[in-house]
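Enquirer: Just dropping this structure here.
The values are calculated or read from the model by the stated rules, or taken from the named source; none is laboratory data. Please read all numbers here as calculations on a predicted model, not as lab measurements. Here the Cβ positions follow ideal geometry from the backbone for every residue, glycine too, while neighbour counts run over all protein chains shown. Areas reflect the complete protein model, heavy atoms only, side chains present, ligands, DNA and RNA absent. Shrake-Rupley method; radii C 1.70, N 1.55, O 1.52, S 1.80 Å.
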Amino acid sequence: MNPALQGLITIIVGVGGCIGYFYLSNQFLDKVLFPARGRHIGRNINRANMIRPWLFLFPAIFALGLYLGYPVIETLRLSLTDRSLDGAFVGLDNYAQMASEPKFWEAMRNNMLWLIVVPAVATAFGLLAAQLTDRIAWGNVAKSFIFMPMAISFVGAAVIFKLIYDTRPANQDQIGVLNAVWLMFEGGPGSFLFLRLLPAAIVLCFALLMAYVVYLALKPLIRRETGQARASWWAVPLRLTAGLVAVWLIWLSLGSVHSVMTAEFAYGAPQTWLTLPFWNSLFLMVVLVWIQTGFAMVILSAALRGIPEETIEAAILDGANPFQIFFKIKVPQIMGTIVVVWTTITLVVLKVFDIVFAMTNGQWETQVLANYMYDKLFRANDWGVGSASAIVIMVLVLPILVWNVYNARKEMN
């Protein structure tokens, strides 16, 4: 059958089916189930009006249950069974086996690294781009170019960056931009500046940022301001956890500074960037940051334009400089939007698969949870461990979803 005819038939059947469902269900409700006649006419009308909204919601609820609810329940069931034993119930054995595999913990470690780096960098770049493009005449053109990567699929972006990271033998011309730049360094002041001092400065700035996070997290616990509202019961462990994570990141940052300053570089030799442990994960993260920066910029730009001009004018009259206006006037007013952008990108990061699959396939210590799940389900044909890893991803995503829903309802109230 002609594809165009198939599409036309699908539209007719779909639209006709919806119209038929709503018409016939209302007729059944008003004429058969609760007819508007007889002694109980008022009660029947009220009951029909109570049920009618559920008639309209039923197709959506059924579809969501079929395509979202059922797969979750079935995945949970499969995670408790063993395919090699004809689907016999094995309890938490699959989870125990998964926890005993080094690749799983490698995936967990990399996912945590992605969660720390990508949302923070993409949100920061998006906020910076939103602020700067609103101050120039050709800002809309600049926004279009920055947003353009959002139109590219993750696999397409991975292919583009794979060419950027491409490596050819030393006696051939390098088509990879990164290796072409790398071969320009042969020691001397330029190499010290770009390969040692600049990376060390960036890592030190990150350590200082984490120190500020420790200060913000622990300040309410160390001293309480007069008249300050009592904190929620969950605030203390949450602040302590955030402080400990920030301290751990500071320790890692200081260790990274030492590693960068003392590293031995292979000058004059092209590097296979995607095989370098730790650094290859950062090169993969660059792809997602490149894509998500445009999304963050568009949302945050709308939030910045919604800031009342009166607050900015008052700050200028009080003598505030541009940096004070941005960090102390604008950022606090759009903090809710920043959190929403951050958590949205975090959800994307937790489910990242395409970039890793297309560029490294989880090799060279770049494994992530989604790719680990794919390997178990479709390569090893182990539906038990594969389903268990899918449940782990869902458990990690669930608190962020709950947090988003809570914030959305809070803003509505």
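Enquirer: F145 is checked against (1) modelled with pLDDT of 90 or more; (2) open to solvent by 70 Å² or more (accessible area, probe 1.4 Å) and fails just one. What number does that condition carry?
Expert: (1)
Enquirer: Hey, another quick one. Of all the residues that make up the stretch 107-139, how many are of a type outside the set (A, V, I, L, M, F, W, C), part of a helix (DSSP H, G or I) and farther than 23 Å from F206 by Cβ?
Expert: Narrowing the stretch 107-139 to residues of a type outside the set (A, V, I, L, M, F, W, C): 109-111, 119, 123, 126, 131, 133-135, 139.
If we keep only those that are part of a helix (DSSP H, G or I) as well, we get 109-111, 119, 123, 126, 131, 133, 139.
Applying the additional criterion that residues be farther than 23 Å from F206 by Cβ yields 133, 139.
Residues that pass the stated criteria total 2.
Enquirer: Somewhere in the stretch 214-234, is a residue at pLDDT below 80 and within 30 Å of N361 (Cα to Cα)? Steps first, answer last, please.
Expert: Initially, the stretch 214-234 is screened for residues at pLDDT below 80, giving 216-234.
Now narrow it down to the ones that are within 30 Å of N361 (Cα to Cα): none.
No; the residues of the stretch 214-234 include none that is at pLDDT below 80 and within 30 Å of N361 (Cα to Cα).
Enquirer: Could you please find all residues in the stretch 344-358 being at pLDDT 85 or above and open to solvent by 10 Å² or more (accessible area, probe 1.4 Å)?
Expert: Once the filter is applied, which keeps residues that are at pLDDT 85 or above and open to solvent by 10 Å² or more (accessible area, probe 1.4 Å), the stretch 344-358 yields T344, T346, V348, F353, D354, F357, A358.
Enquirer: Need the failing condition index for K31 against (1) over 30 Å from W342 (Cβ atoms); (2) charged (D, E, K, R); (3) in contact with an Asp or Glu (Cβ under 8 Å, 6 or more places away or on another chain), just the number.
Expert: Condition not satisfied by K31: (3).
Enquirer: With the requirement that a residue be part of a helix (DSSP H, G or I), more than 18 Å from T275 (Cβ to Cβ) and either of a type in the set (D, E) or open to solvent by less than 30 Å² (accessible area, probe 1.4 Å) (or both), what does the stretch 148-189 give you?
Expert: P149, G156, A157
Enquirer: If you go through the stretch 14-40, how many residues are surrounded by 12 or more Cβ atoms within 10 Å (Cβ to Cβ), part of a helix (DSSP H, G or I) and not polar (S, T, N, Q)?
Expert: The first filter runs over the stretch 14-40 and keeps only residues surrounded by 12 or more Cβ atoms within 10 Å (Cβ to Cβ), leaving 21-22, 25-26, 28-30, 33-36, 40.
Cutting the leftovers down to part of a helix (DSSP H, G or I) gives us 21-22, 25-26, 28-30, 33.
Still in the list and also not polar (S, T, N, Q): 21-22, 28-30, 33.
Result for the stretch 14-40: 6.
Enquirer: Picking from I325, I307, I334, which residue would you name as being free of Cβ contacts under 8 Å to residues at least 60 places away in the same chain, buried (at least 19 other Cβ atoms within 10 Å of the Cβ) and not acidic (D, E)? Reasoning before the result, please.
Expert: Values: I325 fails: buried (at least 19 other Cβ atoms within 10 Å of the Cβ); I307 fails: buried (at least 19 other Cβ atoms within 10 Å of the Cβ).
Just a single option satisfies the conditions, and that option is I334.
Enquirer: Could you tell me which numbered condition V177 fails, if it satisfies all but one of (1) in contact with a Gly (Cβ under 6 Å, 6 or more places away or on another chain); (2) free of Cβ contacts under 8 Å to residues at least 60 places away in the same chain?
Expert: (1)
Enquirer: How about the stretch 382-403: which of its residues are more than 12 Å from L76 (Cβ to Cβ) and either aliphatic (A, V, I, L, M) or open to solvent by less than 40 Å² (accessible area, probe 1.4 Å) (or both)?
Expert: Within the stretch 382-403, D382, V385, G386, S389, I393, L396, V397, L398, I400, L401, V402 qualify.
Enquirer: Of all residues being touching a residue at least 40 places away in the same chain (Cβ under 8 Å) and under 25 Å from the mean Cα position of the chain (by Cα) in the stretch 48-78, which is farthest from S387 (Cα to Cα)? Just the residue, please.
Expert: V72
Enquirer: Can W273 be described as in contact (Cβ under 8 Å) with a residue 40 or more places away in the chain and open to solvent by 40 Å² or more (accessible area, probe 1.4 Å)? Reasoning before the result, please.
Expert: Values: in contact (Cβ under 8 Å) with a residue 40 or more places away in the chain: yes; open to solvent by 40 Å² or more (accessible area, probe 1.4 Å): no.
Answer is no for this residue.
Enquirer: N94: crowded, with 16+ Cβ neighbours inside 10 Å and in contact with a strand residue (DSSP E or B) (Cβ under 8 Å, 6 or more places away or on another chain), yes or no? If you could, list the steps in order and put the result at the bottom.
Expert: On the way: crowded, with 16+ Cβ neighbours inside 10 Å: yes; in contact with a strand residue (DSSP E or B) (Cβ under 8 Å, 6 or more places away or on another chain): yes.
It is true that N94 is crowded, with 16+ Cβ neighbours inside 10 Å and in contact with a strand residue (DSSP E or B) (Cβ under 8 Å, 6 or more places away or on another chain).
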